[in-house]
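Written out below as structure tokens is the structure these notes cover.
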């Protein structure tokens, strides 16, 4: 059963906008069925999915504060298309709350042993291979103006691609799919940046952890060296796709992930990565000067990115929204109204603002500031404290691992997962400067997976 957890999350299409996106995805009913089946098979595990009193109190506190803040904001904004509305915001927030619980519960019920952990990661990486071959690779050919896969790409997009709401003159999917319309790779995600987040934050850290410790992972290979070679190649494929996605998020994520990879790697791999990086920078510099496609791509998505007016204006407006409502924020679903009140006029002279954002709502273009503007310090300070507390416990466990008298293979496994977790947190924190939906299924599953592993090691250290 654990083999289906990550692969099912690739199908990210949401089938209604009335609910939180995760609740409207196919993964939600599948996970509910899995939970019921696990409880039927192992009724004694029911106690493992009963939240602690602390978790219940924190959730209750969060909801009381948010309902009061949303009511205040609704009194200020009134009924307007620029906000989600107090009822709809409550429904969506409830969906996100249920999502967090279900993701935690499914990990608690299905991943018990190290064998389960290995199966979970293997199935995710194997699922990713099929995802790249059947979805992303055909999309890459489309970006190079190879028309052979156009019909195929549009058909699978119709079935599985997650879409944003569209408006007249503003439709990322007008030609049948995102990639045939925008010329950028997106998988089944609504935009290229979200594919970059999925690959860079969820899957690349796994491979960084495996290669940094040089461990034997795949059962069908005979030597650790073969595993290392395959995993390194796999990681480079993901990094290459992050560049081919033609998005600032992907390019910067690839760069930061590479630096983290070199930092964690053993001496031999580190020098290999350093030399490859040096060669790559030289080749990229030459290509930037000589190859028009590379020159235009780097100019458009890194050096002179288009659309910076809205991103800059939205970021400034979110910061001002938070600074004017620092303690409680403005409530989930209400930031758009306040962004439009605070956005600098100098950033509004563009089609996207005048015909979309000002008419239908201004999205949060920086999730980090969006969280602070929505929830305020009263929620964000405890949340950040809990995250840093978990990271501190992780480093402490890493330091104490030798006390367990583990063999080389076991030590590499535990160290690899710790490296993967820390790498994931760093990349997610960086991506939150832009846009990352951390409450989607793959991010939550991976977070609770790593968290449970750390807690299991803590229990073993206390014995």
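The values are calculated or read from the model by the stated rules, or taken from the named source; none is laboratory data. A quick note: this is a predicted structure, and the numbers were derived from the prediction, not measured. All Cβ positions, glycine included, derive from the backbone under ideal geometry; neighbour counts span all protein chains shown.
The residues of the stretch 343-360 that are in a helix (DSSP H, G or I) and crowded, with 19+ Cβ neighbours inside 10 Å, listed by number, are 353, 356, 357.
Here residue 62 meets the list (1) within 25 Å of the chain's Cα centre (by Cα); (2) closer than 25 Å to residue 11 by Cα almost entirely, failing just condition (2). Of all residues in the stretch 361-377, those that are at positive phi and part of a helix (DSSP H, G or I) have Cβ atoms under 7 Å from Cβ atoms of residues that are modelled with pLDDT of 95 or more and buried (at least 20 other Cβ atoms within 10 Å of the Cβ), 6 or more apart or on another chain, in 376/325; 376/329.
For the stretch 409-427, does any single residue satisfy the condition of being in a loop (DSSP other than H, G, I, E, B) and farther than 16 Å from residue 114 by Cβ? If you could, list the steps in order and put the result at the bottom.
Just the residues of the stretch 409-427 that are in a loop (DSSP other than H, G, I, E, B), to begin with: none.
No, the stretch 409-427 contains no residue that is in a loop (DSSP other than H, G, I, E, B) and farther than 16 Å from residue 114 by Cβ.
You will find that of 140, 112, the residue that is surrounded by fewer than 21 Cβ atoms within 10 Å (Cβ to Cβ) and not in a helix (DSSP H, G or I) is 112 and no other. Among the numbered conditions (1) buried (at least 20 other Cβ atoms within 10 Å of the Cβ); (2) in contact with a helix residue (DSSP H, G or I) (Cβ under 7 Å, 6 or more places away or on another chain), the only one that residue 447 does not meet is (2).
Residues being in contact (Cβ under 8 Å) with a residue 40 or more places away in the chain and under 21 Å from residue 247 (Cβ atoms): count how many of those fall in the stretch 138-162.
Going residue by residue through the stretch 138-162, those that are in contact (Cβ under 8 Å) with a residue 40 or more places away in the chain are 139-140, 142-143, 159-162.
Checking the rest, the ones that are also under 21 Å from residue 247 (Cβ atoms) come to 139-140, 142-143, 160-162.
Qualifying residue count, the stretch 138-162: 7.
Applying the condition of being more than 30 Å from residue 370 (Cα to Cα) and either in contact with a strand residue (DSSP E or B) (Cβ under 8 Å, 6 or more places away or on another chain) or surrounded by 14 or more Cβ atoms within 10 Å (Cβ to Cβ) (or both) to the stretch 292-311 and asking which residue is modelled with the highest pLDDT yields 294.
From the list 400, 393, which one is in contact (Cβ under 8 Å) with a residue 40 or more places away in the chain and more than 26 Å from the chain's Cα centre (by Cα)? Give the derivation first.
Details: 393 fails: more than 26 Å from the chain's Cα centre (by Cα).
Only one candidate qualifies: 400.
Of all residues assigned to the stretch 431-439, none qualifies as being surrounded by 18 or more Cβ atoms within 10 Å (Cβ to Cβ), part of a helix (DSSP H, G or I) and more than 10 Å from the chain's Cα centre (by Cα).
Against the definition (crowded, with 18+ Cβ neighbours inside 10 Å, within 27 Å of residue 380 (Cα to Cα) and touching a helix residue (DSSP H, G or I) at 6+ places or on another chain (Cβ under 9 Å)), how does residue 98 come out, yes or no? Criteria not met by residue 98.
Go over the candidates 135, 84 one by one and state the one that is touching a residue at least 24 places away in the same chain (Cβ under 8 Å), in a loop (DSSP other than H, G, I, E, B) and out of contact with any strand residue (DSSP E or B) (no Cβ under 7 Å at 6 or more places or on another chain). I'd like the intermediate steps shown before the answer.
Values: 135 fails: in a loop (DSSP other than H, G, I, E, B).
That would be 84, the only listed residue that is touching a residue at least 24 places away in the same chain (Cβ under 8 Å), in a loop (DSSP other than H, G, I, E, B) and out of contact with any strand residue (DSSP E or B) (no Cβ under 7 Å at 6 or more places or on another chain).
Which one is modelled with the highest pLDDT, of the residues in the stretch 174-212 that are assigned to a loop (DSSP other than H, G, I, E, B) and farther than 18 Å from residue 14 by Cα? Among residues in the stretch 174-212 that are assigned to a loop (DSSP other than H, G, I, E, B) and farther than 18 Å from residue 14 by Cα, the one modelled with the highest pLDDT is 185.
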